[in-house]
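> Okay, here's the structure, questions in a sec.
The values are calculated or read from the model by the stated rules, or taken from the named source; none is laboratory data. Being a predicted model, the structure only gives us computed values, none of them experimental. Don't worry about glycine lacking a Cβ; one is built from the backbone with ideal geometry, like all the others, and counts go over all protein chains shown.
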Amino acid sequence: MKKILIAHPELKPRGGSEARPLWIAQALKEDHEVTLISQGNIDFPLLNESYGTSLQEKEVKKIELPYPSSIFTRFDAYRSLPLIRYCQAKANEFDILISSYNVLDLKKRGIQFIADFSFSDRLRRKFNPQHGWFNKLKYEFSPLRAIYLKIAQWISRTSSSGWKRNLTVANSKWTQLILKAEFNINSEVIYPPVRSPDNKVSWEDREEGFVILGRISPEKKIEQAIEIVRRVRDYLSHKNLHLHILGGSGPKSGYYEKLRTLTKNAQDWIFWEGPVFGPNKYAILQKHKYGLNCRPFEPFGIAVAEMVKSGCLVWVPKRGGQEEIVSHPDLIYNNLEEAVQKIIEVVENERRELLLRQHLAEQALKFSTEAFTKKVRNLISQFE
């Protein structure tokens with residue numbers, strides 16, 4: 001039995017990254033002494049309901065750290081300082097330390113799961129360019145920002161040589177290639193755990209509607225998704241095609257307000273569902289036939305995998321880990337016009353729909369919680 005510490009910046013039922021630390025704990029709790037550490041409250045009943053785990057305090061210990069002072073929470077690079085410093089201070093009290101969200105200098109060799117490239121300011125700008133003058137001013141590279149990041153690195157006692165000695169786990173083959181090309185890091189690919197719906201809904205009982213799932217933010221290109229569905233609707237006017245948008249936005253989100261204004265005259269076919277989690281989310285996904293994603297350079301794409309696991313036919317843009325989820329040329333597009341064309345060609349052909357559904361059903365098996373837990377156990381047993 002090993003003492004294992006699993007670190008995650010914050011554990012709230014928000015998106016897909018929170019599933020990883022919970023399912024790592026689920027995989028290891030019977031054979032090891034597992035502790036979850038995070039900033040803020042760790043509510044096992046709420047998290048279990050949202051992510052399908054069955055964690056209890058008698059099986060998994062938890063350490064709930066306070067958030068940094070309010071002045072620091074305004075700055076992304078400083079938000080996880082209490083977590084980083086605590087893990088470094090307590091590193092020798094555990095046999096294995098695991099960072100379930102990106103790189104972490106643990107002051108000894110540990111395991112780090114890569115969720116995205118937010119830890120690299122250069123790659124963040126490359127894959128997730130900012131929108132709006134304020135965000136560009138705040139996040140684009142400048143001498144002032146370089147100083148800000150250098151101070152954060154100094155306070156956290158973090159170095160690239162420290163985190164590069166960790167065993168690194170990539171969330172897709174695309175992420176694995178970027179890690180090798182940009183940092184010369186070898187990594188193992190373990191796809192994230194994606195919960196399966198409790199029930200199955202037949203294709204015939206589903207509505208002819210599309211679903212967009214994920215955070216309401218500019219990099220998701222939701223306005224493009226709306227335009228794609230609008231054009232498909234116009235061409236296939238004999239079908240009752242509509243769109244459900246699931247996801248939350250930040251406070252006072254100008255992008256969200258812009259989208260609501262854009263769709264104010266389309267309330268008969270565009271429905272804003274807001275943030276939805278757990279069984280309620282899957283209930284909506286399973287009521288509809290189609291899913292759509294418009295963000296390129298997704299390191300993986302949990303939302304895409306959730307739609308696939310729910311039995312939806314899902315179209316995704318080229319370039320990124322989301323291609324590996326659908327893994328079929330009929331479901332991958334290069335631009336808006338090609339997306340419209342490919343969707344129409346499939347929706348009008350029941351035979352092609354059936355073949356693609358069968359293909360995605362096989363793909364879904366790669367992203368199961370069972371496959372994830374098995375690989376995590378093997379990882380821990382082989383770690384030295």
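> For residues that are farther than 16 Å from Lys289 by Cα and modelled with pLDDT of 95 or more, tally how many sit in region 351-365.
2
> Right, Ser327: among the small types (Gly, Ala, Ser) and modelled with pLDDT under 95 or not?
The answer is no for Ser327.
> I'm checking my understanding of the structure. Among residues of region 273-316 that are within 22 Å of Val340 (Cα to Cα) and of a type in the set (Phe, Trp, Tyr), which one is modelled with the lowest pLDDT?
Phe297
Every residue, every condition in (1) modelled with pLDDT under 80; (2) under 30 Å from Asn92 (Cβ atoms); (3) of a type in the set (A, V, I, L, M, F, W, C), yes or no:
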{"site": "Gly110", "(1), (2), (3)": "no, yes, no"}
{"site": "Glu140", "(1), (2), (3)": "yes, no, no"}
{"site": "Arg165", "(1), (2), (3)": "no, yes, no"}
{"site": "Tyr191", "(1), (2), (3)": "no, no, no"}
{"site": "Pro197", "(1), (2), (3)": "no, no, no"}
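> So, one more: Say whether the condition of being touching a helix residue (DSSP H, G or I) at 6+ places or on another chain (Cβ under 6 Å) and either of a type in the set (Asp, Glu) or surrounded by 15 or more Cβ atoms within 10 Å (Cβ to Cβ) (or both) is met by at least one residue in region 268-279.
Yes, region 268-279 contains a residue that is touching a helix residue (DSSP H, G or I) at 6+ places or on another chain (Cβ under 6 Å) and either of a type in the set (Asp, Glu) or surrounded by 15 or more Cβ atoms within 10 Å (Cβ to Cβ) (or both).
> Let me ask another. Got a sec? Which of Glu49, Glu64 is under 24 Å from Asn171 (Cα atoms) and at pLDDT 90 or above? Spell out how you get there, then give the answer.
Numbers: Glu64 fails: under 24 Å from Asn171 (Cα atoms).
Of the residues listed, the single one that is under 24 Å from Asn171 (Cα atoms) and at pLDDT 90 or above is Glu49.
> Let me ask another. With Glu362, Glu338 as the choices, which residue is over 24 Å from Ser196 (Cβ atoms), without any contact (Cβ under 8 Å) to a residue 12 or more places away in the chain and in the same structural domain as Ile302 (by TED's automatic domain parsing)?
Glu338
> Here is a follow-up. Select from region 283-314 the residues that are crowded, with 24+ Cβ neighbours inside 10 Å, part of a strand (DSSP E or B) and touching a residue at least 60 places away in the same chain (Cβ under 8 Å) and list them in ascending order.
Gly291, Leu292
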